[in-house]
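S.K.: After the structure tokens below, expect a handful of questions from me.
The values are calculated or read from the model by the stated rules, or taken from the named source; none is laboratory data. Just so you know, these numbers come straight off a predicted model, no measurement behind them. As a convention, Cβ positions derive from the backbone with ideal geometry for all residues, glycine included, and neighbour counts pool all protein chains shown. Surface areas here come from the heavy atoms of the whole protein model, side chains and all, with no ligands, DNA or RNA. Shrake-Rupley method; radii C 1.70, N 1.55, O 1.52, S 1.80 Å.
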Amino acid sequence: MEIGEERGAARGDTRLAIAFALLLGLAWAARDWGALSALHLPDTDDAMRLQQIRDWLAGQAFGDVRQYRLAGGLAMHWSRLPDLVPAAIITLLRPLTSAHAAEVTAVIAWPLMLFAAALALVAAITRQLAPEAARTAIIVAGIAYPVTTLFAPGRIDHHGLQIVLVLATVRALLAAPGWASGLIAGAATGASLIVGMEMAPVLGLASLSVLIGWWLGHGGKDGRRAGQLAGLGAGLSGMMALGSIVFTTSDWSYPACDGFTRTVWLVAQTGALVPLLLGLATPVLATRSLRTAAGLALGGLIALPLLPIAQGCASPYGHVDPLVARLWLDHVGEAQSLFAAPLATAIAYAGLLIAGIAATLWQVARRPLPGWVLLLALQLGALGIACLELRGVYAGVILGAPALAVAIGRARARGALWLAGAWIGSAGMLYPIAAQAFAPAGKAGAICDAQAALAALPAGTVMAPIDVGAYAIAATRHRLIAAPYHRNNAGNAAMYRFFLGEPTAARTIAARWRIDYVLVCPDDFTELDRTDAAKPRSMLVQLRKGHAPDWLRPVATSSGAGLWRVAARLREPPRAD
């Protein structure tokens, strides 16, 4: 194909990607319009992200990502980078329409923009490896559950942006080796680390592939692989430098590897020296033995002082209160191991990932091109991550689309039955449907609208179950004690001890945190085991029986929530001695 034809085909891919993203996205928006129009977003993180953007636009400092209405002011582990586009949309539209309409537009438009970018990048990756399958890959990626859930209208949290950055890294590494491809891959990797740490293992494997290609000496003596390696280090280092100037937060020194902290910056910036220096030193490293020696020496020299930090980074949730870890963190779906998850969940999440790995393995067996090998390595890495945390499947699922698209093309030539089987195996949306065969139908829960119950009350501090927190902060004026964030150790532990402790202990906690309201819904606390849930003298059991202590006054509500007002004497500050 001539260069002009290739560019025309690529432009056609991009147009199809945008059209398909719009078709699916607008259909999803129409389906969920009732919730979206009320800004009841799909996930607690989306709700909290919206509130963080509101706080910034209302005057909170760009570098201050604390949530001051959570547990007295929680240092969030987030970056402002994912806030930029939705905040820009809201700012541009507010003079033309209402603030509410501007926010609704932003929470729909931003995920669709990311979805279109992701599908276009999948097409570009596939066209590099198997041009005839590029447009089929767009369709496969567009229905690739569960990764498509990250691009649904309302999903303004950072995960969709991270998937786009992973795809951008892979696309750069599939281009002709050189400084340019390395710079783009390094910059995309750095941007992803600024956004969050979820994709760090997959991006680490992508960087390792560049190092291996350099060590093998692919690309001849023209230095293209050396340039790509040096460019990778320069791009990562440059993005980390930019991040340290623009995206540092007021809690930059927080001692953890759970976001873009000084610790993460130090590890990434130091690590970027390895590919940069090895790439620049290539002219004097003519043999593989010299490259091996240089790589081991330089890597060891840099890694040794970082080893204590790396050990801490291996367990970003290590400081979570054991009670909170047992009752909440161990039950977070995406944080569960593939083997610990219910069978139906494991099938729904990992089914398409396994199919994609099989299809890519087939391509490697047929044509062991470096590009297919890279995709297989990243998918296997994603599966390895999923064995620890299910959230690892997202990148692996979408990276399987190129090989699945090729398999569909080959099946088409073999007849209708083969084609139907290939599409069934490649249609990610079918895996959760099939998984339902392994999951008993649950009872419909009682209707309970915690936000509606709280909205009518004067602003105060609320003790409520953990999943209420983010939504209530975004939908009301109240302050919350608990919310689903691992840094909120004190607030989450206080909430569990309040509801699981006896009324006397709960009274002390209510006074210490100056609680104004207590709220609980009938279906809350499903994470509790039978022992915790059935403690007869616990506040939770007493409230559900209607036996509230005398310092709680019931508040009438039609929302289905149990709601009580705390006696004013408990909220008074202690007298000075």
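S.K.: Those residues that are surrounded by fewer than 20 Cβ atoms within 10 Å (Cβ to Cβ) and either in a helix (DSSP H, G or I) or in contact (Cβ under 8 Å) with a residue 40 or more places away in the chain (or both), I need them from the range 272-290; list them, please.
M.R.: The answer is Leu273, Leu277, Leu280, Pro283, Val284, Arg288, Ser289, Leu290.
S.K.: Separate question: Quick check: is even one residue across the range 159-173 surrounded by fewer than 24 Cβ atoms within 10 Å (Cβ to Cβ) and assigned to a loop (DSSP other than H, G, I, E, B)?
M.R.: no
S.K.: What's the number of the only condition in (1) open to solvent by 40 Å² or more (accessible area, probe 1.4 Å); (2) in a helix (DSSP H, G or I); (3) in contact (Cβ under 8 Å) with a residue 24 or more places away in the chain that Ala293 fails to meet?
M.R.: (3)
S.K.: Among residues belonging to the range 42-74 that are of a type in the set (A, V, I, L, M, F, W, C) and surrounded by fewer than 19 Cβ atoms within 10 Å (Cβ to Cβ), point out the one that is nearest to Ala482 (Cα to Cα).
M.R.: Among those residues, the one meeting the criterion is Trp56.
S.K.: While we're on this one: Let me confirm something: among Leu216, Leu266, which residue is surrounded by fewer than 21 Cβ atoms within 10 Å (Cβ to Cβ), modelled with pLDDT under 90 and not small (Gly, Ala, Ser)?
M.R.: Leu216
S.K.: Is there a residue in the range 377-388 that is under 19 Å from His486 (Cβ atoms) and open to solvent by 20 Å² or more (accessible area, probe 1.4 Å)?
M.R.: Checked against the condition, which is being under 19 Å from His486 (Cβ atoms) and open to solvent by 20 Å² or more (accessible area, probe 1.4 Å), the range 377-388 yields at least one hit.
S.K.: Determine, yes or no, whether Leu417 is part of a helix (DSSP H, G or I), among the aliphatic types (A, V, I, L, M), farther than 20 Å from Ile125 by Cβ and open to solvent by 40 Å² or more (accessible area, probe 1.4 Å).
M.R.: In short, yes.
S.K.: Can you tell me which of Pro177, Pro201 is assigned to a helix (DSSP H, G or I) and either touching a helix residue (DSSP H, G or I) at 6+ places or on another chain (Cβ under 7 Å) or surrounded by 23 or more Cβ atoms within 10 Å (Cβ to Cβ) (or both)?
M.R.: The match here is Pro201.
S.K.: Also, quick follow-up: Taking into account only those residues within the range 333-348 that are crowded, with 16+ Cβ neighbours inside 10 Å and modelled with pLDDT of 80 or more, which is nearest to Gly196 (Cα to Cα)?
M.R.: Per the stated criteria, the residue is Gln336.
S.K.: Looking at the range 84-102, is at least one residue modelled with pLDDT of 95 or more, open to solvent by less than 50 Å² (accessible area, probe 1.4 Å) and of a type in the set (S, T, N, Q)?
M.R.: Checking the range 84-102: not a single residue is modelled with pLDDT of 95 or more, open to solvent by less than 50 Å² (accessible area, probe 1.4 Å) and of a type in the set (S, T, N, Q).
S.K.: Please go through the range 474-499 and pick out each residue that is farther than 17 Å from Trp513 by Cα and open to solvent by less than 10 Å² (accessible area, probe 1.4 Å).
M.R.: Once the filter is applied, which keeps residues that are farther than 17 Å from Trp513 by Cα and open to solvent by less than 10 Å² (accessible area, probe 1.4 Å), the range 474-499 yields only Tyr485.
S.K.: Okay, moving on. Is it the case, given these coordinates, that Leu229 is out of contact with any helix residue (DSSP H, G or I) (no Cβ under 6 Å at 6 or more places or on another chain), buried (at least 19 other Cβ atoms within 10 Å of the Cβ), in contact (Cβ under 8 Å) with a residue 24 or more places away in the chain and part of a helix (DSSP H, G or I)?
M.R.: No.
S.K.: Of the numbered conditions (1) in a helix (DSSP H, G or I); (2) in contact with a Cys (Cβ under 9 Å, 6 or more places away or on another chain), Cys257 satisfies every one except a single condition; which is it?
M.R.: The one condition Cys257 does not meet is (1).
S.K.: Which of the residues that make up the range 67-93 are among the hydroxyl-bearing types (Ser, Thr, Tyr) and either assigned to a loop (DSSP other than H, G, I, E, B) or under 17 Å from the mean Cα position of the chain (by Cα) (or both)?
M.R.: Tyr68, Ser79
S.K.: Please pick out the residue among Gly392, Gly351, Gly428 that is more than 30 Å from Phe525 (Cα to Cα), open to solvent by less than 40 Å² (accessible area, probe 1.4 Å) and of a type in the set (Gly, Ala, Ser).
M.R.: Every option except Gly428 fails the conditions.
S.K.: With (1) open to solvent by 30 Å² or more (accessible area, probe 1.4 Å); (2) in a helix (DSSP H, G or I); (3) in contact with a Lys or Arg (Cβ under 9 Å, 6 or more places away or on another chain) as the list, and Ile139 as the residue in question, which single condition is left unmet?
M.R.: (3)
S.K.: Just need a number here: residues in the range 385-406 that are under 23 Å from Leu161 (Cβ atoms) and assigned to a helix (DSSP H, G or I).
M.R.: 14
S.K.: Could you tell me whether the range 525-534 includes any residue that is open to solvent by less than 90 Å² (accessible area, probe 1.4 Å), at pLDDT below 85 and in contact with a His (Cβ under 6 Å, 6 or more places away or on another chain)?
M.R.: Yes, the range 525-534 has at least one match.
S.K.: So Phe260 passes all but one of these: (1) touching a Gly at 6+ places or on another chain (Cβ under 9 Å); (2) open to solvent by 40 Å² or more (accessible area, probe 1.4 Å); (3) of a type in the set (Phe, Trp, Tyr); (4) closer than 28 Å to Gly73 by Cβ. Which condition number does it fail?
M.R.: Phe260 satisfies every listed condition except (2).
S.K.: Are any residues in the range 482-508 hydroxyl-bearing (Ser, Thr, Tyr), assigned to a helix (DSSP H, G or I) and closer than 16 Å to Val332 by Cβ, and if so, which ones?
M.R.: Listed by number, the list holds a single entry, Tyr496.
S.K.: Scan the range 107-120 and give yes if some residue there is farther than 26 Å from Asp46 by Cβ, open to solvent by less than 20 Å² (accessible area, probe 1.4 Å) and either small (Gly, Ala, Ser) or at pLDDT 95 or above (or both), otherwise no.
M.R.: no
Matching residues to (1) within 18 Å of His158 (Cα to Cα); (2) free of Cβ contacts under 8 Å to residues at least 60 places away in the same chain; (3) under 21 Å from the mean Cα position of the chain (by Cα):
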residue: Arg11; (1), (2), (3): no, yes, no
residue: Thr14; (1), (2), (3): no, no, no
residue: Trp33; (1), (2), (3): no, yes, no
residue: Leu41; (1), (2), (3): yes, no, yes
residue: Val65; (1), (2), (3): yes, no, yes
residue: Pro95; (1), (2), (3): no, yes, no
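S.K.: For the structure I just gave you, tell me whether Ile466 is crowded, with 18+ Cβ neighbours inside 10 Å, at negative phi and touching a Pro at 6+ places or on another chain (Cβ under 6 Å).
M.R.: yes
S.K.: Right, here's the next one. Look at Gly409 and say whether it is over 21 Å from the mean Cα position of the chain (by Cα), in contact (Cβ under 8 Å) with a residue 12 or more places away in the chain and in a helix (DSSP H, G or I).
M.R.: Here the answer is yes, as Gly409 does meet what is asked.
S.K.: Same structure again: For the range 180-198, which residues satisfy the criterion of being farther than 18 Å from Leu375 by Cβ, assigned to a helix (DSSP H, G or I) and not β-branched (Val, Ile, Thr)?
M.R.: Scanning the range 180-198 gives Ala180, Gly182, Leu183, Gly186, Ala187, Gly190, Ala191, Leu193.
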